[in-house]
Amino acid sequence: MNDVPATGRLLLLVPTTSYRIGDFLDAAERLGVDVAVGSDQRHVLEEFSQGGTVTIDFKDVERGTSQIVAYGGEYPLAAIIGVDDETTLIAAKASQALGLAHNSPESVEATANKHRFRTRLANSGLLVPRFTLYPVSGDPARAARDSFYPAVLKPLALSASRGVIRADNETQFAAAFQRIRAILEAAGTGGEASRHILVEEYVPGEEVALEGLLDKGRLTVLALFDKPDPLEGPVFEETIYVTPSRLPAHVQDAIYATVERAVARLGLREGPIHAEMRINGKGVWLIEIAARSIGGHCSRALRFGAGWRLEDLIVRHALGLPVPAVALDRPATGVMMIPIPAPGVLRRVTGIEAARGIAGIEDVIVSIPLGETLVPVPEGNKYLGFIFARGDTPEAVEAALRTAHGQLEFTIEPGSTSGGLV
């Protein structure tokens, strides 16, 4: 794997709340690349840095871009990777300024703002649900009277299902509107994203997620995940991902074609993408496309031939190195994002070793420390942890994940969950 370019270092942009830094640093170490970490908090840099650090203002995109450009003037950069949603736009703008391979900032902005995403795909020939935009300062009751049903209300920019709520009538709509307003106030995002709420027609159907890599606009599909648990609302906490998909081949082909058309319409050309879709009798409906890889620790469910990990492929592509043709190295794999069963303070977790002992289970990670406050969706944006499994069939993987989850017991002390973050 060690064929890294002789000059220039890789800059990883990592927000304070990210799970992802360790996996990307491991990939850079396997490749032997000189890597620097850019974050918005000094303590993050001190904990994870390997070979250089720089503090970046992620909330002010122009200032953050200037900071990266100045850093690149002192330490030449070969590539910049925005690891999470919060950093993809700054990565694109800084790469553009430094003449590095990048997606256009306009294309990244279109994926980062849910209303802009819907507007860009309208009249594209792709299936797009009805949608409308309401000011956060507006009257929830009036908006409810004007709305269609069933509807899904969403903030424009928050991730991990935070603030996404289904409403089937005016009463539910008004309550969801007020709840999202409070979530946005707690998030303190500022800008357009804090001033509007998107309302979309609810799309029924099976949900899937696609992990892909773009090279000059050409899409390579790395994995297609089924989500076997129904995501019908009123909130949308994700749990199990299993690949390969059990959908018929012609449906999978339609999914790939839909994503290819969508990324072309959005103008995305380089790097990882993570797409979420729903499938029903009318066809494939795009829920969102992100210009980054899968979130949380979920990428650890993906291993490819010859020992490749997802981050290895992303880092190689960013550095302009050949990306090998790969396939998953086991017949089936999956991950469960452990849901938060109740709000409160996490006091105890039992059954981890029993869960790890279930046939097919590779690991169980509890990612929220004891003593921390648990905040379920839609206010929260963290998972309790992750369970990983491999097996001969998707059915076996799904069963192992469910059995392992059943071994876990959580002692949660009721308490305040003000602030909405964990």
Please work out if ALA209 is part of a helix (DSSP H, G or I), under 19 Å from the mean Cα position of the chain (by Cα) and not polar (S, T, N, Q).
-> no
Which residues, taken from the range 158-190, are closer than 21 Å to ARG145 by Cβ and either touching a helix residue (DSSP H, G or I) at 6+ places or on another chain (Cβ under 7 Å) or not assigned by TED's automatic domain parsing to the domain that holds ARG142 (or both)?
-> ILE165, ALA167, GLU170, PHE173, ALA174, PHE177, GLN178
Can you list the helices (runs of 4 or more DSSP H) found entirely within the range 41-159 that contain at least 3 residues being among the polar types (S, T, N, Q) and under 30 Å from LEU31 (Cα atoms)?
-> 61-74, 85-98
Taking the range 347-404 only, how many residues are within 22 Å of ARG246 (Cα to Cα) and basic (Lys, Arg)?
-> 2
Specify which of the listed residues (ARG246, ARG292) is surrounded by 21 or more Cβ atoms within 10 Å (Cβ to Cβ), of a type in the set (Lys, Arg), at pLDDT 95 or above and part of a loop (DSSP other than H, G, I, E, B).
-> ARG292
Specify which of the listed residues (ALA342, ALA306) is free of Cβ contacts under 8 Å to residues at least 24 places away in the same chain, small (Gly, Ala, Ser) and outside the structural domain of LEU13 (by TED's automatic domain parsing).
-> ALA306
Kindly indicate which of THR189, THR220, THR171 is more than 16 Å from the chain's Cα centre (by Cα) and assigned to a loop (DSSP other than H, G, I, E, B).
-> THR189
Does at least one position in the range 329-338 carry a residue that is in contact with a Phe, Trp or Tyr (Cβ under 8 Å, 6 or more places away or on another chain), crowded, with 17+ Cβ neighbours inside 10 Å and under 26 Å from ALA112 (Cβ atoms)?
-> yes
Counting only residues that are at positive phi, surrounded by 13 or more Cβ atoms within 10 Å (Cβ to Cβ) and of a type outside the set (A, V, I, L, M, F, W, C), give me the strands (runs of 3 or more DSSP E) lying completely in the range 347-422 with at least 3 of them.
-> none
From the set of residues in the range 161-212 that are modelled with pLDDT under 95 and basic (Lys, Arg), which is nearest to PRO378 (Cα to Cα)?
-> ARG162
Give the residues of the range 71-87 that are under 14 Å from ILE56 (Cα atoms), under 27 Å from the mean Cα position of the chain (by Cα) and not acidic (Asp, Glu), sorted by residue number.
-> ILE80, ILE81, GLY82, VAL83, THR87
Has the range 307-319 got any residue that is farther than 24 Å from LYS216 by Cβ and more than 18 Å from the chain's Cα centre (by Cα)?
-> yes
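The values are calculated or read from the model by the stated rules, or taken from the named source; none is laboratory data. Model, not experiment: these values are computed from the prediction. Neighbour counts run over all protein chains shown; Cβ positions are idealised from the backbone, glycine included.
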